[in-house]
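Asker: Sharing a structure below in structure tokens format, with a few things to ask.
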Amino acid sequence: MNKDKLISETVLIAVMSAAAAVGRIAFAALPYVKPTTAIVIITGLALGKKAGLLTGMFAALISNFYFGQGLWTPFQMAAWGIIGLLAGCMNKFDFDSKIGAVTAAAFGAVSAYAYGFMMNLFYIGFYIRPLTVASVLAALGASLLMDSVHAVSTVVFLLLLTRIWLRKLRRIQVKLINGDPA
């Protein structure tokens, strides 16, 4: 990979990470409504596994400078990073169509619940005492409403943003990273 291509790719990942972090901060007044998951998914779909992984990880790290760093930060980084990586595995499919946007939205709903489950593992491992089946089920049940709000908001953001952002990101990728002057 040549130097210019590497710089262009790095800048694009940084921009998408910042967009995901700022999106999370901008919606802080609405608990669990965050475009971060959608932006990480769109990045993975448009730019691939590595970009999705890095965007997810950096979005959590950057936004937690506002929300506060803690033991949960690596778990958030891993959760959003895995979501971006998995979205990147699907970047060969056509998500520019209406059906593709709905498919991305369905993946987003599943991803939001997966993110919630991964964060629940952190919560259960670090905060639930005594650790019993009942206490684990209570913790998982208590987060179901919050995870559902996150899933619905992710679906809405994906339905609104997927087609437009994918076109723009792919154009940027072709123009800057692949070097096509068109």
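The values are calculated or read from the model by the stated rules, or taken from the named source; none is laboratory data. Please read all numbers here as calculations on a predicted model, not as lab measurements. Here Cβ is always computed from backbone atoms with ideal geometry, including for glycine, and neighbour counts include all displayed protein chains.
Asker: Do you know which residues across segment 153-175 are closer than 21 Å to Ala20 by Cα and either modelled with pLDDT under 80 or over 16 Å from the mean Cα position of the chain (by Cα) (or both)?
Answerer: Residues satisfying the conditions are Arg163, Ile164, Arg167, Lys168, Arg170, Arg171, Ile172, Gln173.
Asker: Which of the residues that make up segment 16-49 are under 15 Å from Ile164 (Cα atoms) and charged (D, E, K, R)?
Answerer: None; the set is empty.
Asker: Another one. Go through the residues of segment 94-101 one by one and say whether even a single one is among the hydroxyl-bearing types (Ser, Thr, Tyr), farther than 13 Å from Gly52 by Cβ and part of a helix (DSSP H, G or I).
Answerer: no
Asker: Would you check which residues across segment 135-182 are over 28 Å from Ala109 (Cβ atoms) and either touching a Cys at 6+ places or on another chain (Cβ under 6 Å) or in a helix (DSSP H, G or I) (or both) and list them?
Answerer: Val174, Lys175, Leu176, Ile177, listed by residue number.
Asker: Just to verify a result, which residue in segment 59-72, among those that are in contact with a Phe, Trp or Tyr (Cβ under 9 Å, 6 or more places away or on another chain) and assigned to a helix (DSSP H, G or I), is nearest to Ala20 (Cα to Cα)?
Answerer: Ala59
Asker: For residues that are among the basic types (Lys, Arg) and part of a helix (DSSP H, G or I), scanning just segment 1-47, find the one that is surrounded by the fewest Cβ atoms within 10 Å (Cβ to Cβ).
Answerer: The residue in question is Lys3.
Asker: Then there's this: Scan segment 17-49 residue by residue and report those that are under 19 Å from Asp147 (Cβ atoms) and among the hydroxyl-bearing types (Ser, Thr, Tyr).
Answerer: Within segment 17-49, Tyr32, Thr36, Thr37 meet the criteria.
Asker: Among the residues of segment 79-131, write down those that are touching a Leu at 6+ places or on another chain (Cβ under 7 Å) and of a type in the set (Asp, Glu).
Answerer: Passing the criteria: only Asp96.
Asker: Give segment 48-58 a look and list any residue that's part of a helix (DSSP H, G or I), buried (at least 16 other Cβ atoms within 10 Å of the Cβ) and not polar (S, T, N, Q), or say none.
Answerer: Lys49, Ala51, Gly52, Leu53, Leu54, Gly56, Met57, Phe58
Asker: For segment 123-151, which positions are among the hydrophobic types (A, V, I, L, M, F, W, C) and touching a residue at least 40 places away in the same chain (Cβ under 8 Å)?
Answerer: Phe126, Met146, Val149, Ala151
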